[in-house]
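For reference, the structure discussed in these notes is given below.
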Amino acid sequence: MAKFQKVQGLELNSLPKNMEFPEVETRLQETWAREKLYEFDESSSKPTFAIDTPPPTVSGSLHVGHIFSYTQTDIMARYQRMQGKNVFYPMGWDDNGLPTERRVQNYFHIRCDANQPYEPGLELEPILSTMSEKELQEKRLPQKNLSRKNFIEHCHRLTVQDEELFKKLWSRIGLSVDWKLEYATIDDHSRKLSQMSFLDLFKKGHMYQVQAPTLWDCDFQTAVAQAELEDRELPGAFHDIEFEVEGGGNFTIATTRPELLPACVGVTYHPADPRYASLKGKRAITPLFGAPVPIFPSELVQMDKGTGILMVCTFGDQTDVQWWRENKLETRQIIGKAGLMIPVQFGTKEFPSTNPDFANACFAKIQGRNVKQSQKLVVEMLGQPGANGKVALKAPPKPIQHAVKFYEKGDRPVEFLITRQWFARLLDKKEKLLEYGSKIKWHPEFMEVRYKNWTENLGIDWCVSRQRFFGVSIPVWYPLDDKGVIQYDKPMVPTVDQLPVDPMSDCPEGYTEAQRNKPGGFVGESDVFDTWFTSSITPQLGSHWELNPARHKKLFPMDMRPQAHEIIRTWAFYTIAKAMLHEEKIPWKHIVISGWVLDPDRKKMSKSKGNVVTPTAHIDEFGADAVRYWSGLARYGSDTTFDTGIMKIGRRLAMKIFNASKFSLQSSADAGDVTEPLDLAFLAKLRAQCEDAAKAFEAWEPASALMETEKFFWSNFTDSYVELVKSRSLGEKATDAEKRAKASAVHALRFGVRTFLKLFAPFLPYTTDEAWRWAFTDESASVHHARYPSAADFAGIECGNPEIFDTAMAAQAAVNQQKTHSKVSIARAITHIKLKAHPETIKNLTIVKGDVCGATKIEKLEMVEDATQEKNAFAIEHIEYGPDLKA
RNA sequence: UGAAGCGUAGCUCAGUGGUAGAGCAUCCCCUUCACACGGGGAAGGUCGCAGGUUCGACACCUGUCGCUUCAACCA
């Protein structure tokens, strides 16, 4: 009976008439912080529930999508806490990487220039505070160039500011994160562990460095990974271009990238294609540039596409890279890192030509131009007679719509450039990656196919180096030989205790700073890691990995990874890969994929579309609990329409909980033993509801726990039970029997409220804790530390027959319906009513007759048995109303 | 081109091999002693379409259409 305590009533007048959301939210936030409600206890032996919270990119803009998915995670965290778990719920900030750099560049109107000297103490004012973005664009002010160090300092300044904004929002929406576990992906701890991760993979032979064709973004001037690419449909055109064959003859290739003609290193066709079989082993001569290139067959060619024969360039796309590699073709790189045509000389060994003067004259026209301009110029030239006097362009370009690969944050298509990059070897581990993926429980299950799809189709190892500034340094130095040539094949790495290091300012062991960049000395690696290299160890950032083995053991693998579905191929994939490579473990037991928030037109909300809804106004309008309600109703993985209508309902629910609590706790009565049949029947139904709700949570379906609980609360409790026992539970009672019956109702009402507050606590933490603290602190100071309701709470109570309750509800509804039909007030007394019903229903109704009559103001109830009636159906044979008191 | 999810009332969404569900919106009624930020009621659907399995299908199977997404193709 311990849990089934009787509580004292309250003075109703001492409570506010309605829930004042802003006041309660502010007050409880302070209370929770003061009581350290959500702190993880590292020394506790309780079972843990560890959450690998997504560190949001601190971009300075907040939108409802943030609230939506983070609230869903918080709901699970609160449930687990109420199950007695030691919840590990950190918050990190992803402030390392390109998005941050870009925001800092715009915010201060600066750019990083590694050649600038450091200016100590430089603190620029944000440019946008003095002029609008439009003004800034119109004035075309030059960006200020900052040294790498000054630039990074400004990144830190802005991220700290942006993080405060997020923190405020998280607190408002009631996330129960432990702020002592706050981290940033750029802080020393994260940098240290990222570099440790590199060292571990390096030692295990999973990291390699290579000078090879790599995906390159010309705007950001950095390498990017396959996972960061996206397709965009663009207009393009097929150009039919005639090549001559050495020793006579010709053929026509089709290409969408004529500007790469100077970079042509081969021609290929399908081996089964009779049209071109005779070309095998011959060489073709490119138009304009006169380069002799080998002609070879390849299964990869589609006969029915274009003309069935095509030119291979270094490099137009990934297939070019494959042909280049497999056929050991020459390398003719013409596009530079900035996306402009670099100077090349025809008539050399590298760029052979049958007519160097003509070739160089042609190339001179495009040198220094970008890809788009070059394409136009090359097409123009192809339309003129070439060195052989013939026009190579055989037909006007045929426009097509085709998918082009872009870096997801870039504005120009990616190019393949030969650069030196660090890679993590993953292609040879696909099967194991798939196996590890299937050891994890995916919610919803079907999301695993996205992981499978991606893993199976992986085509390039993970390029982890980025030519950027605000990131975690790759902890490597390279020796310089006597002539000052960098020995890339002899990388020097630090020891773990030296970490974190910045190779651009720290020295490798055995060298002095004076030897930097000197022959016989060393150079530091200037590249930083892909941000995912750090994000992929968020579980280890929390568990501290090898820095604290006991803590790591306690927390790793974590229990839950919440995340969005568009980053399954990046964040989820890389995290699984890292845990596998480091420790042959899965990083978490469950991965929960949240859906997107769609605007009312069912489009994904995104900053670029400009349809983003800012969350704070809605919290102001409906209250945090109401916004949480909207998030809590959405099932994992399903996209959800932004709908303030749902928030309105959430607010109404919160209000109802508040008022029902107030009513049930009013001071006019003391609680006694629950003895009345209706009360016992209600408790039986409530017990079943508690079990169902917990079952839904355990099945990772919190939305259905909320839906079911709400439905039950509304229909069985406030609309029925409360009304049925209202007259019995209020007022002075004369006889002992009446007093006992009253005390029974009062107790059941209060126990009901206690239970509902716990059931709703994960979803509506403010309203429930506010009401909880009026009366139930005997159980725990906060509802958020109470145990989630279970059948155990009902131990010692002989719960009644739930059918009795259903009969009472049905009778109440039938009478109300009749009153409404007769257009009389629900409060109108009924002097005499004759009900016809099934004998069993009559039997049940007899048991709860007093309560039903009390709720419906029946003075004289007559019951007639009729076996033809369905159970719990009532036919009203006769009804007489009392006088209309209003009249 | 392949795969996945979705398609149920005007809207947002539940749902189960056995008579179609909720809330919102609409309409009507009721100022009732926790709550008018309330209460009671009514109306509203061939469950995308077509076949099949079954005594019975909104549910299971096959096909098909539409929307969304993921992936492949990218010469």
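The values are calculated or read from the model by the stated rules, or taken from the named source; none is laboratory data. Keep in mind that this is a model prediction, so the values were computed, not measured. In this analysis, Cβ positions are derived from the backbone assuming ideal geometry, glycine residues included, and neighbour counts consider all displayed protein chains. Each accessible area value is taken on the protein alone, full model and side chains, heavy atoms only, with ligands, DNA and RNA left out. Shrake-Rupley method; radii C 1.70, N 1.55, O 1.52, S 1.80 Å.
The table for this structure:
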quantity: Verdict on A:F315 being among the aromatic types (F, W, Y), closer than 28 Å to A:D273 by Cβ and either free of Cβ contacts under 8 Å to residues at least 40 places away in the same chain or in contact with a Pro (Cβ under 6 Å, 6 or more places away or on another chain) (or both); calculated: yes
quantity: Scope the range A:156-196; condition outside any helix (DSSP H, G or I) and either touching a residue at least 40 places away in the same chain (Cβ under 8 Å) or hydroxyl-bearing (S, T, Y) (or both); matching residues; calculated: A:I173, A:G174, A:L175, A:S176, A:V177, A:D178, A:E182, A:Y183, A:A184, A:T185, A:I186
quantity: Members of the range A:250-283 found to be closer than 17 Å to A:T314 by Cα, away from RNA strand B (no atom under 13 Å from the Cβ) and out of contact with any helix residue (DSSP H, G or I) (no Cβ under 7 Å at 6 or more places or on another chain), listed by number; calculated: none
quantity: Filter pass, A:Q105 being modelled with pLDDT under 95, open to solvent by 10 Å² or more (accessible area, probe 1.4 Å) and on the phi < 0 side of the Ramachandran plot; calculated: yes
quantity: Residues satisfying the stated conditions in the range A:488-528, i.e. farther than 18 Å from A:Q195 by Cβ, of a type in the set (D, E, K, R) and not in a loop (DSSP other than H, G, I, E, B); calculated: A:E513, A:R516
quantity: Qualifying residue in the range A:861-873 (condition: within 16 Å of RNA strand B (Cβ to nearest atom), open to solvent by less than 50 Å² (accessible area, probe 1.4 Å) and assigned to a loop (DSSP other than H, G, I, E, B)); calculated: yes
quantity: Residues being over 30 Å from A:I797 (Cα atoms) and part of a helix (DSSP H, G or I) - total across the range A:620-654; calculated: 22
quantity: Where a residue in the range A:702-714 is assigned to a helix (DSSP H, G or I) and small (G, A, S) and its partner, wherever it lies, is open to solvent by 60 Å² or more (accessible area, probe 1.4 Å) and within 7 Å of RNA strand B (Cβ to nearest atom), with Cβ under 8 Å and at least six apart; calculated: A:A703/A:R635; A:S704/A:R635
quantity: Subset of the range A:574-603 (residues that are assigned to a helix (DSSP H, G or I) and out of contact with any Phe, Trp or Tyr (no Cβ under 6 Å at 6 or more places or on another chain)); calculated: A:T575, A:A577, A:K578, A:A579, A:L581, A:H582, A:E583
quantity: Whichever residue in the range A:429-451 is surrounded by fewer than 15 Cβ atoms within 10 Å (Cβ to Cβ) and near RNA strand B (Cβ under 9 Å from one of its atoms) and, among such residues, is nearest to A:V321 (Cα to Cα); calculated: A:V449
quantity: Residues located in the range A:638-684, provided they are touching a residue at least 12 places away in the same chain (Cβ under 8 Å), over 30 Å from A:N801 (Cα atoms), within 7 Å of RNA strand B (Cβ to nearest atom) and open to solvent by less than 50 Å² (accessible area, probe 1.4 Å); calculated: A:S638, A:T640, A:T641, A:I646, A:M655
quantity: Long-range neighbours under 9 Å by Cβ, at least six apart or interchain, first residue within 12 Å of RNA strand B (Cβ to nearest atom) within the range A:11-39, second open to solvent by 60 Å² or more (accessible area, probe 1.4 Å) and at pLDDT 90 or above; calculated: A:P16/A:E23; A:M19/A:R651; A:F21/A:D620; A:F21/A:R651; A:P22/A:D620
quantity: Count - residues of the range A:576-620 that are open to solvent by less than 10 Å² (accessible area, probe 1.4 Å), more than 16 Å from RNA strand B (Cβ to nearest atom) and within 26 Å of A:A227 (Cβ to Cβ); calculated: 5
quantity: From A:A338, A:A359, A:A364, residue being free of Cβ contacts under 8 Å to residues at least 60 places away in the same chain and hydrophobic (A, V, I, L, M, F, W, C); calculated: A:A364
